[in-house]
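Let me begin by presenting the structure, written as structure tokens, before commenting on it.
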Amino acid sequence: MGEWIVLAVILGLVVWVVLIYNKLVTLRNAFRNAFAQIDVQLTRRHDLIPNLVETAKGYMAHERETLEAVIQARNQAASSLKQAAADPTNLVAIGQLGEAEGMLAGTLGRLFALSEAYPDLKANQNMMQLSEELTATENRVAFARQAYNDAVMVYNNAREVVPNNFIAGPFGFVAQPLLEIENVAMRAVPKVSF
């Protein structure tokens, strides 16, 4: 009879480990899928930028430095996205993606600020349409990033709570970072003068 109790306890532990493992795998796959949605939106954003720059080139010929900075930031962001998309669990790649996207947002902000000085450019139908598409894409990126960060938080919480943490470590379930895209220009305190 004692053998059956020991066997039942061992079987119960195995089932318990399998259930926790499967839950962690499911949550890891959920945040990977959420990252795939970010990938789609950021790729769309990156594809819009060359058209935006080409449209602006005709009007902003002497703003070449800004236009080149936008293209360079776009290329860096696209490269970072490719690395992060290859392995969304790569902590370094996710961090670099956040930094690259922040730089891109900053250079795009400078481009739009400069475009204010060119009324013909602001009135250009193609520029207006691209700006509108880019704004809509930025909103989609924000929603996708929020869904990703929520999925990462659920995963991180599940891997850190007792008893899951006893299973997570030995099976290689590591904490994942949130995707933070910081636009330094947007965080600056606006100057108010009367």
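Under the condition of being touching a residue at least 12 places away in the same chain (Cβ under 8 Å) and in a helix (DSSP H, G or I), which residue from segment 59-70 is surrounded by the most Cβ atoms within 10 Å (Cβ to Cβ)?
The extreme case among them is V70.
So that you can scan it fast, the table gives a plain yes or no per residue for (1) surrounded by 18 or more Cβ atoms within 10 Å (Cβ to Cβ); (2) not hydrophobic (A, V, I, L, M, F, W, C):
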| residue | (1), (2) |
| --- | --- |
| V15 | no, no |
| K23 | no, yes |
| A34 | yes, no |
| V53 | yes, no |
| Q72 | no, yes |
| L81 | yes, no |
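Only one of the numbered conditions (1) in contact (Cβ under 8 Å) with a residue 24 or more places away in the chain; (2) more than 16 Å from P177 (Cβ to Cβ); (3) not small (G, A, S) is violated by I94, and that is (2). The set of residues from segment 121-133 being under 12 Å from R45 (Cβ atoms) and buried (at least 18 other Cβ atoms within 10 Å of the Cβ) comprises just one member, L130. Checked against the criteria, R159 does not count as at pLDDT 90 or above, surrounded by fewer than 18 Cβ atoms within 10 Å (Cβ to Cβ) and basic (K, R). So, L130, is that one touching a residue at least 60 places away in the same chain (Cβ under 8 Å), under 19 Å from Q37 (Cβ atoms) and not in a loop (DSSP other than H, G, I, E, B) or not? It is false that L130 is touching a residue at least 60 places away in the same chain (Cβ under 8 Å), under 19 Å from Q37 (Cβ atoms) and not in a loop (DSSP other than H, G, I, E, B).
The values are calculated or read from the model by the stated rules, or taken from the named source; none is laboratory data. None of these values were measured; they are calculated from a predicted model. Every residue, glycine among them, receives a Cβ derived from its backbone with ideal geometry; neighbour counts consider all protein chains shown.
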